[in-house]
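No lab work stands behind these numbers, since they all come straight from the coordinates. Fair warning: this is a prediction, and the values are worked out from it, not measured in the lab. Reconstructed Cβ throughout: ideal geometry from the backbone, glycine too, with neighbour counts over all protein chains shown.
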Amino acid sequence: MAGREEKQLQSLKKWIEKWAPDIDSQLSVRLWNGDILPLGPNAKEDILFAINSPEAVRRLIFSPRLMTLFELYAENLIDIEGGTPLEASYRWDHITILEYAKRLDKIDLIKSLWPFVTLSSGGGDKKGLSYDERISRRIEDGRNDMDLISFHYDLSNEFYSLFLDPDMVYSCAYFATEEEPLESAQRAKLDLICKKLDLSPGEKLLDIGCGWGGLIIYAAANYGVRAHGVTLSRRQYDFVTRRVEEEGLSELVKVELKDYREIDMDGGYDKIVQIEMFEHLGIDNHDAHFEYIHSLLKPRGLYLHQASTRRATRDISSFRKETPYQKVITRFIFPGGELDHIGMTLTNLERFGFEVHDVEGMREHFKLTLERWIERLWEKREEAANEIGWPKTRLWLLYLSLFCIAFDRGTVNVFQTLASRREVGSSKLPLRRERMIPRP
């Protein structure tokens, strides 16, 4: 055994030393025996990429995929030491790594790392970490949105409170400067939504996927609306119900644990808002969604739609081809999730009887939001591990970091789109956008 392990270490060291100049990272790698090797001429040792077992190398040889990296990370066979996955990602150039991966010759890789090939070991225990049930694309085919939502949101309210602001707003904040605290940026976002919807006392506001109730409570308390929120998460429902009572807003705010498609109030809402819930629906359900939203609104009622999107592909027919990033996120974090592109959103709004009034891109705001969340979760990682376990905490740090990188690079975006139920004649909206400026 000792002889084989020594051969494994020597072959891996030789291979890393050969490719480190091309990788040109500011990271170093720690092997399972404690040896530290630089991954480039300017490598530092304060943040390390750790290989905790030769099994990790064997599995990457036979399956060099992002999914394999996620699985190994979940099983603690590889790790990031000394910082967050986001901090580590800033130590290498993404394009350089992709080009390096393309140049790898599988046969040469196996020859170079042959001592690992004969190692035999199965995958580790990922029970409870991934969602492995079959997911139907369409509601009509048995898609269980409550089960999918529960996997993501019913982890623990205490876990989410470790990195969210006091209002528990789990969506992109709205920053005035890059240094603004998360708390005030989230309040600014809530007020921006209320301003865009032109809320007035007594109006009926529906929040689809109301989360922990930050918006409906803010809108009722500051704009006097009668707010109705729905969620499929039992833990969110319990949290909002309790907070509404504590805030003394029971006469203005109603929250229900139900599917929004079961709301029986045809054409009864003045305003409808949907903040980053759309990503859960799946593209095959978009037509029915917009049609139903249209039926819930009064004529000329306003609808604010905030959702993350992917960048459209040149060949639009290939847009729905699942990327490696999508595969790992939907398996470990967001089962059933699917992003459209902003052109699809606007087209569908017009197709189903809406007039689009305003579209605001907020990509940089989400990058800043995610940086704050990652920093907070990393600082309280031990508390998080006590709530949901260390493996799942690690996956969440990795997931948040991947999305932060995606927003930074512009491969993912987020838009607030304001539309109304189309009618002939004036929209009755103010002529200028000053009304959309949030309160200080």
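To the nearest 20 debye, what is the magnitude of the charge dipole of segment 139-436 about its Cα centre, counting +1 on the Cβ of each Lys and Arg and -1 on the Cβ of each Asp and Glu?
Numbers: 40 positive and 50 negative charges, 133 e Å.
Rounded to the nearest 20 debye, it is 640 debye.
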Check: C-alpha center segment 32-103 vs C-alpha center segment 231-250, spacing in Å is 42 Å
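Report relative contact order for the chain in percent, whole number only (criteria: Cα-Cα under 8 Å, sequence separation at least 6). Walk me through the intermediate numbers first.
On the way: 733 pairs, mean separation 73.4, N = 440.
About 17 percent, as a whole number.
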Dipole check, the chain, charges on Cβ (K,R +1; D,E -1), about Cα centroid: among LEU206, ILE97, ALA307 the Cα furthest to the positive pole belongs to ILE97
Among beta bridges assigned by DSSP with both residues in segment 139-436, the antiparallel ones amount in percent, to the nearest 5, to 45 percent
Other residues with Cβ under 15 Å from the Cβ of GLY202 give, with Lys and Arg +1 and Asp and Glu -1, a net charge of +1
In segment 295-390, the GluC sites (Glu not before Pro) that sit in a DSSP loop and have at most 13 other Cβ atoms within 10 Å of their own Cβ are GLU322
Here, LYS258 and GLU360, labelled 7 Å along Cα→Cβ, have an inter-label distance in nm of 3.2 nm
Counting sequence-distant residues (5 or more places) and residues on other chains, those with an amide H built under 5 Å from that of GLY229 are ASP207, LYS254, VAL255, GLU256
Note on segment 141-241: contact order normalised by length, alpha-carbon pairs under 8 Å, 6 or more apart, percent, works out to 31 percent
Whole-Å distance linking the alpha carbon centroid of segment 1-22 with that of segment 261-315 is 54 Å
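Using 0.36 nm per residue of separation minus the Cα-Cα distance, give me the extension gain between ARG242 and ILE110 in nm, one decimal. Display every interim value, and only then the final one.
Values: separation 132, 0.36 × 132 = 47.52 nm, distance 5.83 nm.
Here the answer is 41.7 nm.
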Once phi for every residue in segment 354-359 is put through the Karplus expression 6.51 cos²θ - 1.76 cosθ + 1.60 (θ = phi - 60°), the whole-Hz ³J(HN,Hα) values, with Gly and Pro written as x, are 10, 10, 8, 10, 7, 10
